[in-house]
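The values are calculated or read from the model by the stated rules, or taken from the named source; none is laboratory data. On a predicted model such as this, the values are computed, not experimentally measured, just so you know. Positions of Cβ are generated from backbone atoms using ideal geometry, with glycine treated the same way; all protein chains shown enter the neighbour counts. SASA here: full protein model, heavy atoms, side chains in, ligands and nucleic acids out. Shrake-Rupley method; radii C 1.70, N 1.55, O 1.52, S 1.80 Å.
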Amino acid sequence: MQIDLSGRTALVTGSTQGIGHAIAVGLARAGAHVVVNGRGADRVADAVRGVRAASGSERVSGAAGDLATEQGTAAVLEAVPPVDILVNNLGIFGSAAPLEIDDAEWRRYFEVNVLSAVRLIRACLPGMKERGWGRVLNLASDSAVVIPAEMIHYGMTKTSLLAVGRGFAKDAAGTGVTVNSVIAGPTHTGGVEGFVRELVGEELPWDEAQRAFMVKYRPQSLLQRLIEPEEIANMVVYLASPLASATTGGAVRVDGGYIDSILP
């Protein structure tokens, strides 16, 4: 299956590391001009070099800015050309006792994980509709459906992203623009390694710690391992391509069978 995104510009938020970085590499390999985003200019510059090296493409640039704020969003949008493919990957997560999450933390999670995506969709979708082609992809999580007791505030934001994606897909109906959410399962990133260590401790070697985490905290997984970021990126690149032109308003799972459902 040949995916060619030549002539398309893709903005991948939160792409200096982890899943976002893997998505940026995948889109660049497919020929897109990829804009890497993060809050700090130095980290963005390092990530741009990394994506270029991994993808073999020089059509990679950076746009630093805090997308959790209106000012940061405006700065990023001013630095990028018209966006054809918007990947809302930016997100924060962490464990917390449910009754100890205060109002400020609830707001912070919503601002970063949900409102940042809404702002960018509002800014980019009109141009996509006018041009008659575009892709909006929101990175959700199995936690949107199977709310973890230790991450209720995070799960809430990912459920919200599913609603955001479905709603904006209706707004884009019949325009040639598709809007979808990608439900990622437990994925092997640096942040998740830290999260695993929070829950199972530092004593076990990584392979044993990973398995202990999956057995105790994610026993529904049919893979019985963490998903690699490149596996999430493969789905995103496909959904960003012309090959996925009939898929919109969906919540597509790359969860290793974690969600116990026969529905996508």
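I want the local charge near Q17. Using Cβ-Cβ distances under 11 Å, sum +1 for each Lys or Arg and -1 for each Asp or Glu among the other residues. Net local charge, Q17 excluded: 0. Subtracting the Cα-Cα distance of K170 and I147 from their residue separation scaled by 0.36 nm leaves 5.7 nm. Lys/Arg Cβ at +1, Asp/Glu Cβ at -1, dipole of region 56-209 taken about the Cα centre: which of V80, G94, P186 is farthest positive-ward? The residue sitting most towards the positive pole is V80.
Placing +1 on the Cβ of every Lys and Arg and -1 on the Cβ of every Asp and Glu, with no other charges, gives the chain a dipole of roughly 900 debye about its Cα centre. Each residue, A97 and R122, gets one label point 7 Å from its Cα in the Cβ direction; the gap between the two is 3.7 nm.
Using a Gaussian network for the chain with springs between C-alpha atoms less than 10 Å apart, which of these wobbles most: K129, K216, K170? The residue with the greatest mean-square fluctuation here is K216.
Among L90, L263, the sequence by solvent-accessible area, most first, with a 1.4 Å probe is L263, L90.
Amide H to amide H, with H built 1.01 Å from N, T187 comes under 5 Å of I227, counting only residues 5 or more places away or on other chains. For a label point 7 angstrom out from the Cα of A74 toward its Cβ, which stretches of region 85-111 have the backbone nitrogen within less than 20 Å? Inside the label zone: 111. Distance from the alpha carbon centroid of region 73-91 to that of region 1-42 works out to 11 angstrom. Projecting the Cα atoms of M128, L115, A140 onto the dipole axis of the chain, where Lys and Arg carry +1 and Asp and Glu carry -1 at the beta carbon, places M128 farthest toward the positive end. What number comes out for the charge environment of P242, summing +1 per Lys or Arg and -1 per Asp or Glu over other residues with Cβ under 10 Å away? Around P242, the surrounding residues sum to +1. What is the magnitude of the charge dipole of region 30-96 about its Cα centre, with +1 placed on the Cβ of each Lys and Arg, -1 on the Cβ of each Asp and Glu, and no other charges, expressed in debye to the nearest 20? Charge dipole, region 30-96, about its Cα centre: 220 debye, nearest 20.
Expressed as a fraction of 2.2 N^0.38 Å, the value expected for a compact globular protein of N residues, the C-alpha radius of gyration of the chain is 0.97.
Excluding ligands, DNA and RNA, the accessible surface per residue across the chain is 45 Å² with a 1.4 Å probe. The charge dipole of region 77-204, taken about its Cα centre with unit charges on the Cβ of Lys, Arg, Asp and Glu (plus for the first two, minus for the last two), comes to roughly 840 debye.
Mean sequence separation of contacting Cα pairs (under 8 Å, at least six apart), scaled by the length of the chain, corresponds to a relative contact order of 19 percent. Counting 0.36 nm for each residue step from A163 to E193 and taking away their Cα separation leaves a gain of 7.9 nm. Considering only N234, G176, W206, and ranking their Cα positions along the charge dipole of region 168-237 that arises from unit charges at the beta-carbon of Lys, Arg, Asp and Glu, the one farthest toward the positive end is G176.
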